[in-house]
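Reviewing the structure listed below.
The values are calculated or read from the model by the stated rules, or taken from the named source; none is laboratory data. Keep in mind it's a predicted model, so treat the numbers as computed, not measured. Note that each Cβ is placed from the backbone with ideal geometry, even for glycine, and that neighbours are counted across all protein chains shown.
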Amino acid sequence: MILEAREIRKEYKRGGTLLQAVDDVSLELTEGEFVCLVGRSGSGKSTLLNILAGLLSPTSGSVSFEGRNYTEMDDEALSLLRNTRLGYIMQGHSVLPNFTVLQNVILPHVLFKRGGEPAERAAELLEDVGIRHLSSQYPHELSGGELRRVAIARALLSAPSLLIADEPTGDLDDETTADIMDLFAGLAEKGTAVLMVTHDTEAASRSHRILTMKAGRIVKAGL
Amino acid sequence: MKYRPYLSFSDLALCNLQRRPFRTAGLVILVALMSFVLFGGSLITYSLFSGTDALAKRLGADILIVPQGYDNKVEGILLRGEPSTFYMSDEWLSKIAEVDGVRAVSPQLFVASLNADCCAMPIQLIGFEQSTDFVIEPWIKTVLPGSLADEEIVVGGAISGKVGDTLKFFDRDYRIAAKMEKTGTGFDASIFMNIAAAEMAAADYETAGGAYPPPEGSISSVVVMVEDGFTANEVTRQINSDFHYGKSGIVVVPAKTIINNVSGSLRVLVIFIAALAGLLWILAVLVLAVVFSVMLNERKREFGILRSLGATRRRVSSLIFIESGVISAAGGMAGIFLAALLIIPFRNYIRDLVEIPYIQASAAWFAAMAFGCLLISFAVGPLASLFSVKRMNKNDAYTVIREGGL
């Protein structure tokens with residue numbers, strides 16, 4: 001088991017009203033599983049994804065990654081986990097403007113010192129997503145789709161055992177979307193668990209399992 | 001920034017600064033301004049204190065007696081080397097010597113040169129009686145063991161010319177027998193000679209067309225040393241009482257009054273400089289805190305992204321502190337460099353402006369003050385960003401990202 005979430009709840013206060021963004025959600029992900037999370041905007045998908053990525057604390061419930069409970073991990077341990085075992089592609093642009101494409105991709109390696117040379121691996125990943133020729137460009141010189149591919153390459157740098165992606169194909173054309181979905185499917189075949197939020201039903205159809213969220217709950221599971 | 005495929009953690013901070021040159025330059029200038037005032041103010045204040053100390057040590061006499069109305073002139077001679085010519089009868093020498101509490105007296109004769117081949121401006125000639133003097137003689141002895149011949153002079157540290165050269169005053173040549181070290185006082189721009197030579201100069205002064213020819217047996221001042229057990233103020237009161245204060249034609253100036261006047265002016269200046277430097281420091285911290293708060297707020301998404309990539313809270317804080325530290329250090333060094341560049345070459349102008357003895361700080365003090373000011377400047381940026389960092393660190397990474405805009 002890669003990821004196990006039990007009875008997750010997340011409450012927000014908005015204008016004095018208590019809002020249940022995620023309501024009693026439990027799910028499990030195993031190695032090599034490709035799961036899509038779908039649902040309308042505001043259904044709680046992104047909030048759930050961020051809780052599972054360890055970027056947001058749930059109000060109640062627990063998340064375990066490879067058997068380790070997030071609540072028992074300090075900032076250092078949780079950060080190291082995100083840096084080495086968990087790839088995360090956030091919604092919207094997430095490429096830092098002051099660094100080149102290649103520098104952006106090797107960022108995880110800079111944040112936590114470890115052995116090995118990341119540049120070669122980064123170049124391979126940029127090749128995989130089709131933008132190796134843009135390695136020395138700055139983000140302002142790239143299109144939205146190219147920026148999205150930089151974020152994907154960066155999330156894969158540490159060869160994570162779980163890839164969490166929040167609408168990774170939102171800015172991409174059909175052809176590139178298909179390429180990225182091929183890439184994700186290939187990762188899953190090699191044993192990486194993939195959890196992806198998408199509005200694209202075509203893309204979701206490539207997954208092993210689709211979870212539908214509504215008002216903070218998973219209301220439907222299956223293909 | 002020049003393209004570098006590989007990054008170290010500190011490169012992240014440097015890239016961020018270099019890729020935003022205007023923002024970085026603005027912040028550096030703000031810190032530089034603060035550091036300029038802090039270091040420049042400290043340097044000037046220290047130099048003025050050194051000058052006042054030197055004056056107190058060099059003055060030697062407890063009391064000075066000059067013709068009535070000339071107490072400001074003697075202060076000008078001592079502090080700023082402003083040349084003056086004034087006289088009173090040498091009878092005062094014996095009269096003052098008999099006053100209770102007076103241990104020793106010695107005459108001085110002041111003559112302002114009309115011009116000299118050493119200097120573009122008239123300068124002060126000070127004649128003193130070598131056999132009785134206790135003010136100038138001990139100090140001259142450090143550079144000239146023997147006595148001064150009639151056509152020999154000792155020049156102050158600011159007078160051009162070296163030992164063995166001759167200077168011409170009123171068409172008469174004087175040989176430089178010794179040169180004093182700089183003191184930061186008016187003595188630097190004065191020339192010392194024995195009283196006989198000064199009397200000759202005074203006579204020449206008349207021939208050369210000087211406005212106030214000295215009558216026979218004139219002196220300019222009597223310097224007084226008080227007996228042990230008496231204070232300068234007590235003896236001053238005694239002299240004023242014995243010779244009917246205000247009607248005698250003389251004025252008694254305790255040396256401490258001159259020093260105190262200088263110290264008083266200095267205190268006001270120090271308070272002003274300290275207040276200005278303190279105010280600017282607080283202002284710099286506040287402005288930088290606001291600027292950093294706005295800047296960090298704008299960059300929340302960037303920091304959230306770093307957190308999502310595995311940066312710990314401490315790592316993100318370090319990044320911000322490195323950036324603000326580099327800004328502070330660069331600003332601090334620029335301000336110190338600029339202050340040194342302006343103050344050192346213009347020290348004479350500053351001394352004339354403040355009208356207080358001024359001695360430039362030694363290299364060791366200069367380095368110590370520069371280091372201290374650099375430390376204070378260096379603290380500004382990290383201190384200013386501390387509040388924003390603490391506030392940001394309270395939140396989850398996702399909240400930081402959301403606050404930075406999706």
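Consider only pairs whose beta carbons are under 6 Å apart and that are at least six residues apart or on different chains; among these, list those whose first residue lies in the range B:386-403 and is more than 14 Å from every other protein chain (Cβ to nearest Cβ) and under 14 Å from A:Asp75 (Cβ atoms) and whose second residue is assigned to a loop (DSSP other than H, G, I, E, B) and polar (S, T, N, Q).
none
Show the residue pairs meeting these rules: Cβ distance below 6 Å; 6+ apart or different chains; first residue within the range B:287-305 and buried (at least 18 other Cβ atoms within 10 Å of the Cβ); second residue modelled with pLDDT of 85 or more and outside any helix (DSSP H, G or I).
B:Glu302/A:Leu96; B:Ile305/A:Ser94
For (1) in a loop (DSSP other than H, G, I, E, B); (2) among the hydroxyl-bearing types (Ser, Thr, Tyr); (3) buried (at least 23 other Cβ atoms within 10 Å of the Cβ), each residue gets a yes or a no:
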site	(1), (2), (3)
A:Leu49	no, no, yes
A:Gly54	yes, no, yes
A:Ser64	no, yes, no
A:Ser79	no, yes, yes
A:Val110	no, no, no
A:Lys113	yes, no, no
A:Gly130	yes, no, no
A:His140	no, no, no
A:Val150	no, no, yes
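Out of B:Ile219, B:Ile273, B:Ile250, B:Ile191, which single residue is of a type in the set (Val, Ile, Thr) and at pLDDT below 80?
Just a single option satisfies the conditions, and that option is B:Ile273.
Among the numbered criteria (1) at the interface with chain B (Cβ under 9 Å from one of its Cβ atoms); (2) in contact with a Leu (Cβ under 9 Å, 6 or more places away or on another chain), which single criterion is violated by A:Tyr138?
It is condition (2) that A:Tyr138 fails.
With respect to the numbered conditions (1) part of a loop (DSSP other than H, G, I, E, B); (2) closer than 21 Å to B:Thr236 by Cβ; (3) within 21 Å of the chain's Cα centre (by Cα), which one is the sole condition not fulfilled by B:Val74?
Of everything listed in (1) part of a loop (DSSP other than H, G, I, E, B); (2) closer than 21 Å to B:Thr236 by Cβ; (3) within 21 Å of the chain's Cα centre (by Cα), B:Val74 misses just condition (1).
Anything in the range A:173-195 that is in contact with an Asp or Glu (Cβ under 8 Å, 6 or more places away or on another chain) and closer than 21 Å to A:Leu29 by Cα? List them, or say none.
A:Leu183, A:Ala188, A:Gly191, A:Thr192, A:Ala193, A:Val194
If we keep just the residues of the range B:153-207 that are out of contact with any Leu (no Cβ under 8 Å at 6 or more places or on another chain) and assigned to a helix (DSSP H, G or I), which is surrounded by the most Cβ atoms within 10 Å (Cβ to Cβ)?
That would be B:Asp188.
Within the range A:108-117, does at least one residue satisfy the condition of being without any contact (Cβ under 8 Å) to a residue 12 or more places away in the chain, acidic (Asp, Glu) and at the interface with chain B (Cβ under 9 Å from one of its Cβ atoms)?
For the range A:108-117, residues without any contact (Cβ under 8 Å) to a residue 12 or more places away in the chain, acidic (Asp, Glu) and at the interface with chain B (Cβ under 9 Å from one of its Cβ atoms): present.
Checking B:Ile322 against (1) modelled with pLDDT under 85; (2) within 14 Å of chain A (Cβ to nearest Cβ), which single condition isn't satisfied?
(1)
Please determine whether any residue of the range A:200-217 is buried (at least 22 other Cβ atoms within 10 Å of the Cβ) and on the phi > 0 side of the Ramachandran plot.
Taking every residue of the range A:200-217 in turn, at least one turns out to be buried (at least 22 other Cβ atoms within 10 Å of the Cβ) and on the phi > 0 side of the Ramachandran plot.
Filter the helices (runs of 4 or more DSSP H) completely within the range B:294-406 down to those with at least 2 residues that are more than 41 Å from the chain's Cα centre (by Cα) and in the same structural domain as B:Leu33 (by TED's automatic domain parsing).
Fully inside the range B:294-406 and qualifying: B:300-308, B:313-343, B:363-393, B:397-403.
Tell me yes or no: at least one residue of the range B:142-149 is in the same structural domain as B:Ser84 (by TED's automatic domain parsing), part of a strand (DSSP E or B) and touching a strand residue (DSSP E or B) at 6+ places or on another chain (Cβ under 8 Å).
no
Considering only the range A:81-106, how many residues are within 7 Å of chain B (Cβ to nearest Cβ), closer than 18 Å to A:Leu48 by Cβ and surrounded by 24 or more Cβ atoms within 10 Å (Cβ to Cβ)?
Of the residues in that region, 3 qualify.
Quick check on my filter: what residues within the range A:201-223 are at pLDDT below 85, over 18 Å from A:Ala188 (Cα atoms) and under 20 Å from the mean Cα position of the chain (by Cα)?
Those that are at pLDDT below 85, over 18 Å from A:Ala188 (Cα atoms) and under 20 Å from the mean Cα position of the chain (by Cα): A:Thr201, A:Ala221.
Read through the list (1) among the aliphatic types (A, V, I, L, M); (2) at pLDDT below 80; (3) under 30 Å from B:Ala340 (Cα atoms), then give the number of the only condition that B:Ala61 fails.
B:Ala61 satisfies all of (1) among the aliphatic types (A, V, I, L, M); (2) at pLDDT below 80; (3) under 30 Å from B:Ala340 (Cα atoms) except (3).
A quick yes/no check of all residues on (1) among the acidic types (Asp, Glu); (2) touching a Pro at 6+ places or on another chain (Cβ under 9 Å); (3) closer than 22 Å to A:Leu156 by Cβ; (4) in contact (Cβ under 8 Å) with a residue 12 or more places away in the chain:
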position	(1), (2), (3), (4)
A:Ile2	no, no, yes, yes
A:Thr30	no, no, yes, yes
A:Ser43	no, no, no, yes
A:Ser60	no, no, no, yes
A:Phe65	no, no, yes, yes
A:Leu78	no, no, yes, yes
A:Arg82	no, yes, yes, yes
A:Gly87	no, yes, yes, yes
A:Val95	no, yes, yes, yes
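Answer yes or no: is there a residue in the range B:93-110 that is of a type in the set (A, V, I, L, M) and either modelled with pLDDT under 85 or assigned to a loop (DSSP other than H, G, I, E, B) (or both).
yes
Looking for whichever is among the β-branched types (Val, Ile, Thr) and surrounded by 23 or more Cβ atoms within 10 Å (Cβ to Cβ) here; the options are A:Val25, A:Val38. Which one fits?
A:Val25
Restricting the first residue to the range B:32-49 and requiring it to be in the same structural domain as B:Leu374 (by TED's automatic domain parsing) and closer than 24 Å to B:Val326 by Cβ, which pairs with a second residue that is among the hydroxyl-bearing types (Ser, Thr, Tyr) and assigned to a helix (DSSP H, G or I) meet a Cβ separation below 8 Å and a spacing of at least six or different chains?
Going by the 8 Å Cβ cut-off, the qualifying pairs are B:Met34/B:Ser377; B:Ser35/B:Ser377; B:Leu38/B:Ser377.
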